[in-house]
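Inspection log for the structure reproduced underneath, given as structure tokens.
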Amino acid sequence: MNAKVERTEPASKSRIAIGDGGWTLSIDGPAPTQERWAETIFALANGAIGVRASIDELGGGDGSTFLTAAYEVSPIVYHERFRGFAETTDTRVPVAEAIGLDVAIGGSAIDFTTASAERTRRTLDLRSGVLTRETRWRLADGRRIAVRAERLVPLDGTTGYARRIAVSPIGFAAAIALTPRLLPAPTAAGQADDPRLGVNLHAHGFAPFGELRPEMVVEKLRGSGIAVAATQAIRGETQAQVVADGSISIEIFTGYAVVADATDPNHLSDIAAATAADLADTGFDALVDRQRAALDAFWRNAVVEIEGDEAAQGCETAATLRLNLFHLFQSAGRDGQGSAAAKGLTGQGYEGHYFWDTEVFMLPVLAVSAPEIARAMLAYRYATLDAAIANARALNHDQGALYAWRTIAGRECSAHYPSGSAEYHINAAIAYAIGFYDKATGDTGFLVEMGAEMLVQTARLWIALGAHEARTGQFCIRGVTGPDEYTALIDNNWYTNRMAQAHLRLAAEVVDRVAAAAPDAWANTAARIGYTPAEATAWTAAADAMRLPYDEKLRIDAQDDSFLDKPRWDLAGTPADKFPLLLHYHPMTLYRHQVAKQADLVLGLVLGGDGIDRERKRRAYDHYDSVTAHDSTLSACSFSILASDVGRSDEAWRHFRSTAFVDVDDLHHNTDHGVHMAAMAGSWLAFAWGFGGFRLREGAPSFAPTLPAAWRGYGFAMLWRGSRLRIDVDAGGATYRNLDGPAVSFAHRDQNITLAPGETRRLGA
Ligand code: IFM
């Protein structure tokens, strides 16, 4: 075990209080230094817009609002630019701020920066999706007012949000006026010394677009040409004579419009105004009802129940897992034009980019809880397939597609290719997600329309990149970087090769299946992309001969051809303040050592561990745990899942908590940049895949549940090909229920089970 670097110390001491049986979460305060953390944790989104939980009265000007479709494109400035380097980067920048509220009492505007918040409580209700904040202010003149602000972002993907704000003078009567504030977009955060944040946009960013108009902000990004308009509609009287302890309440509806290559600012304003007006016509209460219905549907599939002893705070864990799922559900794109970014829509971290996180960690969770969203995420990748083909050509591959390591619009945005463009495993991640989605939904229509073509183009890349070695005949993939970003440009990364192997087999299988299911459609696609059956033969041959390095001396699978020969980094002797290593050591220093940033081989054994016996996995687990810094939040969940698999239950629990509480406890000290979506999704994977032992075996679900010592029982559910399967685990065994939908088949350990609609089966431990 590598306790020295384990993230268990919360940076945030302001704990979250749980209510309503684990369905509401509240933050009191917090201390001013934790304000950015609280804003992130309770950010609301709907895949098209994200709004941080900023305080309305203080609000505006610090980057609270993001739109999926609003991103800047700016040049990457290199001192030495070589051929094929990424030329520009996309940056999701904060847009015009409508979050602020001016309050005037007796005609004088209140300056809330001189007031003190005696009490602030934010409460997020996971069933209604409403964030409520109550603040009691002591004003500079000693009088007190109470503010209650409710907020929701409609989950249907509207580019807008709704608020209801009530202000009460405590113990005095007064004329009160409320004026919603609307500010131009603030400047995006610069990168400084932390590569996990944004870039310096220099001369880029928003500029006014069209004539200035009251109550409307219209701006255009100088680089991308994307324009954004924002406006508000109000319901209720904005001024009133309020009796002592009475209140004035208004509803504010903010609408945005975002248009690429806009030429007419008035058109943009009209769209924003219509969005705000639509929301206002519906009204806050009706929006809450709709929101509740959308969330009810999600929670029916995304069940998390934990029966825990008090010491383990079972309820707290369940609520945290639900919060993580809530973020995942609300952040993912619904329209096929965007997906789920590493930070969702909650902050400026990683420039709002999409990485492999989306397909390996997030999508499998949504495929079994909100499959229509998973489909939309794959549709986004399909929409950027041409950019992936262009990217492959830029890297001198004469066939196939290589998805960008990090991107918004599809172009490669990574300026540091050793831990960027060299991470070819992103192609396998997308293929894996297609395969998982297909198995979970049986949506052959998706394969016909998009999936098969994506698989073909991405499979071709492995053939362009790798080769059968003359001496051994093995298919080798050289000069790539695996998930571990402290080891770069190596040969035969086990994870990459294993995933590529599965990818090549999947592509061959899907092409056959689609050709049989939709011969005409497939004939058209095949002709358009120049596919020939000889390609599938080559894919299968490459998969069969794939090199998967193994160390005979240590009797473990090797991360790559050279990793195990390098000197080990002294993790235990590295001072705690030198983590994450990436902020303190030159990358080349790290590359020369046997030290992993994150799960690499271990993730390979989770996703591609079929046919590898438990003892061999256990030896690998022990070795790689001892050389992993866990400097990426993507690491802990894979370690937890493999630890469960190999019977290291204490370790499974420890890593589970590191992934589950990553943002709630700010374990990596940067939740203010945005939540860690992969780790949040990973917490459910560590729960259902780890403790529940879920895996795909020959295309069907299989479970091997274990019970963490701290709990009396737990339950989860998944949608599988239209059936809602619920699994409850306790010390005596597991109960499986087919809650609704057709008969469903799965394995419980080695036993094959089919449950008829409505059937329940209890199976021993
Ligand atoms: O995709 C990850 C990568 O694996 C590690 N660095 C952060 C990226 C975004 O989460």
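Annotations for the structure displayed:
- Gain on full stretching of the segment that runs from A17 to S626 - 0.36 nm per residue minus C-alpha separation: 215.7 nm
- 0 to 90° range, to nearest 10: angle between helix 314-331 axis and the chain longest Cα axis: 90 degrees
- Label zone of I170 (point 7 Å out along Cα→Cβ, amide N under 18 Å): in region 29-55 this covers 29-31.
- Mean separation of Cα contacts under 8 Å, 6 or more apart, over the residue count of region 416-534: relative contact order %: 31 percent
- Between the amide H of H468 and those of C476, distances stay under 5 Å, these residues lying 5 or more places away or on another chain, with hydrogens modeled in the peptide plane.
- Charging the Cβ of each Asp and Glu at -1 and of each Lys and Arg at +1, and nothing else, the dipole of the chain about its Cα centre rounds to 880 debye.
- Modelled FRET efficiency - R0 60 Å, A521 with A117, Cβ distances, 0.05 increments: 0.50
- Each of S638, S128, S64, S683 was scored by other Cβ atoms within 10 Å of its Cβ. Arranged with the fewest first, they read S128, S64, S638, S683.
- Stretchable slack from R181 to Q337, in nm (0.36 nm times residue separation minus alpha-carbon distance): 53.2 nm
- Per-residue HN-Hα couplings for region 124-132 [Karplus 6.51, -1.76, 1.60; θ = phi - 60°; Hz; x = Gly/Pro]: 9, 9, 6, 8, 9, x, 9, 9, 10
- Rounded to the nearest 10 degrees, the inclination of helix 649-660 to the longest alpha-carbon principal axis of the chain is 40 degrees.
- Here the peptides 288-297, 624-633, 737-746 are ranked by packing, the mean other Cβ count within 10 Å, and the order with the highest first is 624-633, 737-746, 288-297.
- Note on R222/T589: beta-carbon distance plugged into 1/(1 + (r/R0)^6) with R0 of 51 Å gives a FRET efficiency of 0.85.
- Separation of alpha-carbon centers, region 522-537 and region 437-469, rounded to whole Å: 12 Å
- Calculated from backbone phi, Karplus (6.51, -1.76, 1.60) coupling profile of region 27-42 in Hz, x at Gly/Pro: 10, 9, x, x, 4, x, 5, 9, 4, 5, 5, 5, 4, 6, 4, 9
- Links that overshoot a 28 Å alpha carbon limit, given the list K566/K617; K343/K566; K439/K597; K439/K553: K343/K566; K439/K597; K439/K553
- Between 0 and 90 degrees, the angle of helix 533-544 with respect to the longest Cα principal axis of the chain falls at about 80 degrees.
- Each residue of region 285-295 was assigned a 3J(HN,Hα) from its phi angle through the Karplus curve 6.51 cos²θ - 1.76 cosθ + 1.60 (θ = phi - 60°); the sequence is 4, 5, 5, 4, 4, 5, 5, 4, 5, 5, 6 Hz, with glycine and proline shown as x.
- Here the sum of -39500 (n - 2.57) over DSSP H runs of 4 or more residues, divided by the residues of the chain, equals -9000 deg cm²/dmol at 222 nm, to the nearest 500.
- Distance from the alpha carbon centroid of region 319-372 to that of region 141-206 works out to 23 angstrom.
- Packing-based exposure ordering (other Cβ within 10 Å, fewest first) of T159, T123: T123, T159
- Label point distance in nm, H669-D156, each placed 7 Å from Cα along Cα→Cβ: 4.5 nm
- Peptides 383-391, 754-762 ranked from most to least packed, by the mean per-residue count of other Cβ atoms within 10 Å: 383-391, 754-762.
- As a proxy for reagent exposure, K343, K553, K566 were ordered by neighbouring Cβ count within 10 angstrom, fewest first; the result is K553, K566, K343.
- Estimated at 0.36 nm per residue, the fully extended path between E307 and A541 surpasses their Cα-Cα distance by 79.3 nm.
- Simple rule: put +1 on each Lys or Arg Cβ and -1 on each Asp or Glu Cβ in region 466-516, find the dipole, and look at V480, T496, A467; the Cα lying farthest toward the positive end is A467.
- Each peptide in 168-174, 694-700, 474-480 receives the mean, over its residues, of other Cβ atoms within 10 Å, and ordering these scores from highest gives 474-480, 168-174, 694-700.
- Diagonalising the gyration tensor over the Cα atoms of the chain and scaling each eigenvalue by 5 before taking the square root yields semi-axes of 43, 30, 26 Å, largest first.
- Whole-percent pair-distance distribution, where bins are 10 Å wide, for the alpha carbons of region 146-209: 14, 25, 28, 24, 9, 0
Values in this text are rule-based calculations from the coordinates and carry no lab data. Note that the coordinates shown come from a computational prediction; the quantities given were computed from them, not determined experimentally. We place every Cβ from the backbone using ideal geometry, glycine too, and count neighbours over all the protein chains shown.
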